[in-house]
Amino acid sequence: MTRTDVAVTGLGLLTPAGVGVAATWERVCAGLPTAAPDPELADVPVPFSCRVPAFDPRAVIGPQVWRMDRFVHLAIAAALEAVADARLGPGAWDGARVGVVVGVGSDSKETCLRSGERFLNHDYEGVSPLTVPRGTVNAAAGEIGIALQALGPSLVVSTACASGATALGVARDLLLARRCDVVLAGGAEAPCHPFNSVCFSRMGALSTRVHDPAGASRPFDADRDGFVLAEGAGILVMERPEDARARRAPVHALLAGYGASTDGHHYAAAHPKGAGVERACDAALADAGIGYADVDHINAHGTSTPMNDRIEGETLHRLFGGHPPAVTSTKGVTGHTLGAAGAIEAALSVLTLQDQVIPPTANLDRLDPRIELDVVAKVPRPARLDVVASNSFGFGGHNAVLIMRRA
């Protein structure tokens, strides 16, 4: 343990793989894809997505759900599970020393588009007075603060698909700077809306495997053709290790390093040589005080898009001297939860360390020959794991790499 480690003492997950950490981990380890036809997307070119199954926000949060959009429902439910797992809560902490940092990739379309339609039809009285507080990205952090009386710094960060990982890095900085004693950090996104589907489809980013939705998210596979839109949330409770020890809290893992960079190359495409990814990896490892040879496993960004998977694969092969450790992308199961992905995958990396098993990459039938990686596929792989790197990259050239260490 080093002076830069922070302890992960609580986990909360709502993903297409299941409601809660246990359900999500079981399906991710089984490698069972979740993409399926989506009735709400029936009229758009890509009519399938990955949704959180059987989630009733009113049963979890209470009647106040009326004032929140779905991404906030997911964020609060994940936070409640994480806090319970950490054996914390309003009665067990000084709220003024508890921070919240949530990564959200984009504002909610749920309320904004409904009000926008009424505005365009000049139905000004029909525009909801809750349009702004429900739809803006800060609602996720603000509502968690209200629900759990977390009264310290409350932030939302938005670095596209790197948002969840960026949030964890910022939370770690708050703890190391001693501005907070506990931080609830992660990401939330509910993008399975026809508007989002059409927009990503027009970019050519989504899989069009309409004949086989379950097989559509296939990271690193030679036949991949795009990502699958998904919703979800992941929240981690983090503390300084000495504080966790003082209250005898179980520590799932340690967040030991964080590196971030910007490609400075293109508004949507990754740098072709992975230059920004390399800077983020270098920074994360230096922050953790380790080298490339110390990494036992990589939870890749692995979105299932043709270009990004190839660039990530080539970059990792080069950085690790031609011998990268075992790699997986859990997006084969969950789809791409955008701003929530980095946090969900950080939580899955923690579970990988805790259980000493690497979950498989779903739908990997034929590895792209240009991707020279040891990608775990078909079945989970038991392994001796002390250090895991979790990669997250986003539109605009945002890169974030987290280093998790076994507690």
Item to complete: Per residue of segment 78-90, in order, report the coupling 6.51 cos²θ - 1.76 cosθ + 1.60 (Karplus, θ = phi - 60°) as ³J(HN,Hα) in whole Hz, putting x for Gly and Pro.
Response: 5, 5, 4, 5, 5, 5, 5, 4, 7, 6, 10, x, x
Worksheet, complete the sentence: Once the dipole of segment 6-246 is set up from charges on Cβ (+1 Lys and Arg, -1 Asp and Glu), the residue from the list PHE48, SER163, GLY18 lying farthest towards its positive end is SER163
Discussion item. Report for segment 255-406 the percent antiparallel among DSSP-assigned beta bridges with both residues inside it, nearest 5.
Written reply: 70 percent
Practice prompt. Multiply the residue separation of GLU117 and MET203 by 0.36 nm, subtract the distance between their alpha-carbon atoms, and state the gained length in nm to one decimal.
Written response: 28.6 nm
Worksheet item: Once the other residues with Cβ under 14 Å from the Cβ of GLU231 are scored (Lys, Arg +1; Asp, Glu -1), what is the net sum?
Response: -1
Discussion item. Straight-line reach from LYS273: which aspartates and glutamates fall under 13 Å, measuring Cα to Cα and dropping same-chain residues less than 8 apart?
Written reply: ASP263, ASP309, GLU312, GLU314
Worksheet entry | Contour minus Cα-Cα distance for SER128 and GLU40 (0.36 nm per residue) | 29.5 nm
Fill in: segment 245-284 and segment 159-216: distance between their alpha carbon centers, rounded to Å
14 Å
Item to complete: Sort 239-250, 223-234, 292-303, 19-30 for me by packing, meaning the mean count of neighbouring Cβ atoms within 10 Å per residue, highest on top.
Response: 223-234, 292-303, 19-30, 239-250
Fill in: Tensor-based shape of segment 26-126 (alpha-carbon gyration tensor, a/c under 1.5 rounded, otherwise prolate or oblate)
oblate
Fill in: Whole-number D in µm² s⁻¹ for segment 247-363, Kirkwood Cα-pair radius fed into Stokes-Einstein, 10 °C, 1.306 mPa s
104 µm²/s
Item to complete: With a Förster radius of 45 Å, plug the Cβ-Cβ distance of ALA269 and GLU242 into 1/(1 + (r/R0)^6) and report the FRET value to the nearest 0.05.
Response: 0.55
Discussion item. Taking the Cα centre as origin and putting +1 on Lys and Arg beta-carbons and -1 on Asp and Glu beta-carbons, what dipole magnitude results for the chain, to the nearest 20 debye?
Written reply: 540 debye
Item to complete: Using a cut-off of 13 Å between beta-carbons, work out the net charge of the residues near ASN138 (Lys and Arg +1, Asp and Glu -1, ASN138 not included).
Response: -2
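If you average the sequence gap of Cα pairs under 8 Å that are 6 or more apart and divide by the length of the chain, what percent do you get for the contact order?
25 percent
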Worksheet entry | Among ASN196, THR9, GLY62 the positive-end extreme of the charge dipole of segment 6-246 (Cβ point charges) | THR9
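With charges set only on the Cβ (+1 for Lys and Arg, -1 for Asp and Glu), what does the dipole of segment 255-406 come to about its Cα centre, in debye to the nearest 20? Intermediate values should be presented prior to the final figure.
On the way: 12 positive and 16 negative charges, 36 e Å.
In total the dipole reaches around 180 debye.
What does the extension gain come out to for ALA383 and ARG3, with contour length at 0.36 nm per residue minus their alpha carbon separation?
Residue separation times 0.36 nm, minus the Cα-Cα distance, leaves 134.1 nm.
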Worksheet item: Ordered by packing density, taken as the mean number of other Cβ atoms within 10 Å over each peptide's residues, highest first, how do 255-266, 161-172, 31-42 rank?
Response: 161-172, 255-266, 31-42
Practice prompt. Could you point to the residue in SER115, ALA150, GLY187 farthest towards the positive end of segment 105-229's charge dipole, with +1 and -1 charges on the Cβ of Lys/Arg and Asp/Glu respectively?
Written response: ALA150
Worksheet entry | Under 24 Å from LYS109, Cα to Cα: lysines that are on another chain or at least 8 residues apart | LYS331
Worksheet entry | Volume per residue of the C-alpha convex hull in the chain, rounded to whole Å³ | 126 Å³
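Quick note: the coordinates plus some simple rules give every number you see, no bench work behind them. It should be emphasised that the depicted structure is a prediction, and the values quoted were computed from it without experimental measurement. In this analysis, Cβ positions are derived from the backbone assuming ideal geometry, glycine residues included, and neighbour counts consider all displayed protein chains.
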